[in-house]
Structure formats: C-alpha cells, structure tokens
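Below you'll find the structure, written out as structure tokens, and then a few comments.
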Amino acid sequence: MMRAAGAALILALGLLAGLSGFASASPAAVPGRDKGVAVKKLPAPPATPERGGKEGVAEKEPSKADLLDGLLARLRLAGDDPSAKVIAATIRQMWASPDSPSAGLLAAQARKALKAGDARTAVDILDLVVRRWPRFADAWRERAVARYMAGDAKGALRDLGRALEIEPRHFEALATKAAILQELKRPGAAMDAYEQVLAIYPGMTPARRALKALKLKNDQLL
C-alpha cells in the first residue's frame, strides 16, 4: 500500500476532494476541488455569427472544445484572482462529464468505491471505462489515483501519461503526476510537472506551495 505521506500530498493538492458525486447526474451539485468554491454558471462568450455575417443567419453554438479553450485561456489570465477558482471548477466539471451517460455512471461508481477506501474495485470499474471510452481523459486520471492508492505507482504514472496525451492541459492530471513523482523521491521531475501545472493554472495555490517547498529543499542540498 502507498505510504501515508503520498496520500496526504495528493489530498493537500485537493485532487480527491470532489470524489463523491463529481460529474454525477446533477451537475449543479458538483463541488470544486478548491475548498468552499461553488461552481457558478459563467457568462457565455460572445456569439460569433456564421461565416458571411449576413443578418438573419443563425449563429453557431460554440462546441464543448471551443468553450474549454476559452475557459482555459481565462484561467491562465486570471492568475490569483478569486474568479480563477470558479473557472477551474467549471473546467473540472467539463472534464469529468463525458458525452456518454453510461461512462459517467460507471465513473461515479468508481469514485464511490474509492471514497469508501476500496481502491481495487475502483480500478476494476475504471478498467471498463477506459476500455470502452479510451478518449475519456479524466477516467485515465481517476484510474491513476485509484491505482496509486492501491499501491501501483508505476501504473498510475502510465495512466497519467495517457490522460495527458489526450488532454495536455489537464492541470489535475499534471498535479497528480507531480505529487506521485514527489512521493517517489524524484524532485526534479516533480518540479517540472508543478511548473507545467502553474503555466496552465497560475492560481493553483497548493501546487505553487509544493513547488516552492521542493525548490527550497533542493537549494539546501546544493
């Protein structure tokens, strides 16, 4: 089983705080991983008319990918502004909400098992999810957390690599990777991962604190 320090580190990053009910059938109840942050409905970006700009032509609805691109851009620019936590929570909700209701239901069951301390069952359920829906990046991240909690750090890192192949901007996958690398006594790789997190989400305070502590410790060893 993984050491208690590793579990505490991941919990400190807030990556397990939303396991219960996250991406469930009730999106309004989705909690943000940042404590005390309610997910608010953000104003939609200005609609862009279809090519040609003729009056009376129906405007295109932005795709999920377009919305995500816009939110990630806003997250990067928000810095430490309080709005960053709301934007991050909305992004998490989108990542954790697959197009398939069946995938969402199975992922919710896995979270329930993981919250109950049954990491092995969570891994088994998420095995089914990633086989059936291999492009569901957040399922790979969640299986990584379950694998790590079951004592399989190498398998967890492989799953995080897959999640990041699908969505390189997945700051939670990067933060989980950093926390695991830190626990495995690979400070250089952990610092690189934390820096990638902060390039995407500069306001992620736990990641910034972890990076600062690692740099301080590294400087003391030089």
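The values are calculated or read from the model by the stated rules, or taken from the named source; none is laboratory data. Computed from a prediction, not measured in an experiment: that's the story for all the values here. Because the Cβ atoms are built from the backbone with ideal geometry, glycine has one as well, and the counts that use them run over all protein chains shown.
With respect to residue 116, determine if the residue is among the hydrophobic types (A, V, I, L, M, F, W, C) and either closer than 29 Å to residue 203 by Cβ or touching a residue at least 12 places away in the same chain (Cβ under 8 Å) (or both). So residue 116 does not fit the description; no. Looking at this structure, is residue 138 buried (at least 18 other Cβ atoms within 10 Å of the Cβ) and in contact with a Pro (Cβ under 9 Å, 6 or more places away or on another chain)? Criteria met by residue 138. Among the residues of this structure, residue 118 counts as one that is at pLDDT 95 or above, surrounded by fewer than 19 Cβ atoms within 10 Å (Cβ to Cβ) and farther than 23 Å from residue 100 by Cα. For the range 173-217, residues that are in a helix (DSSP H, G or I), under 17 Å from the mean Cα position of the chain (by Cα) and farther than 23 Å from residue 159 by Cβ total 2. Looking across the range 96-148, the residues that are assigned to a helix (DSSP H, G or I), among the polar types (S, T, N, Q) and either closer than 28 Å to residue 65 by Cβ or in contact with a Phe, Trp or Tyr (Cβ under 6 Å, 6 or more places away or on another chain) (or both) come down to 102, 109. Selection of first residues in the range 144-165 that are modelled with pLDDT under 95 and of second residues that are among the polar types (S, T, N, Q), restricted to Cβ pairs under 9 Å at least 6 apart or on distinct chains, gives an empty result. I'd like the full set of residues that are modelled with pLDDT of 95 or more and β-branched (Val, Ile, Thr), limited to the range 166-220. 166, 176, 180, 197, 200, listed by residue number. Can you list residue pairs whose Cβ atoms sit under 7 Å apart, with the first residue in the range 195-219 being within 28 Å of residue 71 (Cβ to Cβ) and touching a residue at least 40 places away in the same chain (Cβ under 8 Å) and the second being part of a helix (DSSP H, G or I) and hydroxyl-bearing (Ser, Thr, Tyr)? Count only pairs 6 or more apart in sequence or on different chains. Pairs that qualify, where the first residue is within 28 Å of residue 71 (Cβ to Cβ) and touching a residue at least 40 places away in the same chain (Cβ under 8 Å) and the partner is part of a helix (DSSP H, G or I) and hydroxyl-bearing (Ser, Thr, Tyr), are 207/194; 210/194. I'm trying to understand the selection: among the residues of the range 141-172, which are of a type outside the set (Asp, Glu) and under 24 Å from residue 76 (Cα atoms)? 141, 160, 161, 162, 163, 164, 166, 168, 169, 170, 171 - these are the residues of the range 141-172 that are of a type outside the set (Asp, Glu) and under 24 Å from residue 76 (Cα atoms).
Across the range 58-87, which residue is farthest from residue 169 (Cα to Cα) among those that are of a type in the set (Gly, Ala, Ser) and in a loop (DSSP other than H, G, I, E, B)? Among them, the one singled out is 58.
Criterion applied to 153, 210, 193 was being within 30 Å of residue 131 (Cβ to Cβ) and buried (at least 20 other Cβ atoms within 10 Å of the Cβ), and the one residue passing it is 193.
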